[in-house]
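Structure in structure tokens, see below.
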Amino acid sequence: QVQLVESGGSLVQAGGSLRLSCAASGRTFSNNAMGWFRQAPGKEREFVVAISGSGRNTYYADSVKGRFTGSKDRAKNTVYLQMNSLKPEDTAVYYCAVLYGSWGSQLEADFGSWGQGTQVTVSS
């Protein structure tokens, strides 16, 4: 059984930084592309970043470009989301997932094996 577990969410002031982690267990995802999504209260879940199987390639939502960085540690079967210059509008539950669709997709339907999420709250 595949399991993804996110951690690292917290309350932070605007302008601050956080690093989220997503650890995979049950099978190795060292060759799979992974992604981060987020869901703010009352809104649809939205794409944040995808990280290639090698960890060398990424693509981002426009809203986080230049502030967020996705990375991968294949040996630890873990992906990370480094978030800098946080804004109140970044407040959301953050989820990681496996990309089963085509590289370049930002569609929620192309991702699966979702984790349970971790809450990030940015105060103004």
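The values are calculated or read from the model by the stated rules, or taken from the named source; none is laboratory data. Bear in mind the structure is a predicted one, so any value in this text is a computation, not a measurement. A quick note on method: Cβ atoms are made from the backbone with ideal geometry, for glycine too, and the neighbour counts reach across all protein chains shown. Note: accessible area is taken over every heavy atom of the protein model, side chains too, but ligands, DNA and RNA are not part of it. Shrake-Rupley method; radii C 1.70, N 1.55, O 1.52, S 1.80 Å.
Just need a number here: residues in segment 63-72 that are more than 21 Å from Gly42 (Cα to Cα), surrounded by fewer than 19 Cβ atoms within 10 Å (Cβ to Cβ) and within 14 Å of the chain's Cα centre (by Cα).
Counting residues in segment 63-72 that are more than 21 Å from Gly42 (Cα to Cα), surrounded by fewer than 19 Cβ atoms within 10 Å (Cβ to Cβ) and within 14 Å of the chain's Cα centre (by Cα) gives 4.
Any residue in segment 1-27 that is without any contact (Cβ under 8 Å) to a residue 12 or more places away in the chain and under 12 Å from Tyr80 (Cβ atoms) sitting within a Cβ distance under 9 Å of a residue that is of a type in the set (D, E, K, R) and not in a strand (DSSP E or B)? List the pairs, counting only those 6 or more apart or interchain.
Hits for this filter: zero, empty list.
When you scan segment 21-37, how many residues do you find that are part of a loop (DSSP other than H, G, I, E, B) and either buried (at least 16 other Cβ atoms within 10 Å of the Cβ) or touching a Lys or Arg at 6+ places or on another chain (Cβ under 6 Å) (or both)?
Number of matching residues: 4.
Next question. Against the condition open to solvent by less than 10 Å² (accessible area, probe 1.4 Å), of a type in the set (A, V, I, L, M), in contact (Cβ under 8 Å) with a residue 40 or more places away in the chain and in contact with a helix residue (DSSP H, G or I) (Cβ under 8 Å, 6 or more places away or on another chain), how does Val48 come out, does it pass?
Judged against the criteria, Val48 is a match.
Let me ask something else about it. Which of the following residues is of a type in the set (Ser, Thr, Tyr), on the phi < 0 side of the Ramachandran plot and more than 14 Å from the chain's Cα centre (by Cα): Tyr80, Tyr100, Tyr60, Tyr95?
On inspection, the qualifying residue turns out to be Tyr100.
Just a yes or no: is a residue in segment 63-81 within 24 Å of Val122 (Cα to Cα), in contact (Cβ under 8 Å) with a residue 60 or more places away in the chain and not β-branched (Val, Ile, Thr)?
For segment 63-81, residues within 24 Å of Val122 (Cα to Cα), in contact (Cβ under 8 Å) with a residue 60 or more places away in the chain and not β-branched (Val, Ile, Thr): present.
Which one of Ser85, Ser124 is surrounded by fewer than 17 Cβ atoms within 10 Å (Cβ to Cβ), in contact with a helix residue (DSSP H, G or I) (Cβ under 6 Å, 6 or more places away or on another chain) and either at pLDDT below 95 or of a type in the set (Ser, Thr, Tyr) (or both)?
Values: Ser85 fails: in contact with a helix residue (DSSP H, G or I) (Cβ under 6 Å, 6 or more places away or on another chain).
Sole residue among the options that is surrounded by fewer than 17 Cβ atoms within 10 Å (Cβ to Cβ), in contact with a helix residue (DSSP H, G or I) (Cβ under 6 Å, 6 or more places away or on another chain) and either at pLDDT below 95 or of a type in the set (Ser, Thr, Tyr) (or both): Ser124.
Let me ask something else. Within segment 106-115, take every residue that is in contact (Cβ under 8 Å) with a residue 40 or more places away in the chain and under 15 Å from Glu46 (Cα atoms) and give me the one that is most open to solvent (accessible area, probe 1.4 Å).
Restricting to residues being in contact (Cβ under 8 Å) with a residue 40 or more places away in the chain and under 15 Å from Glu46 (Cα atoms), the top hit is Leu107.
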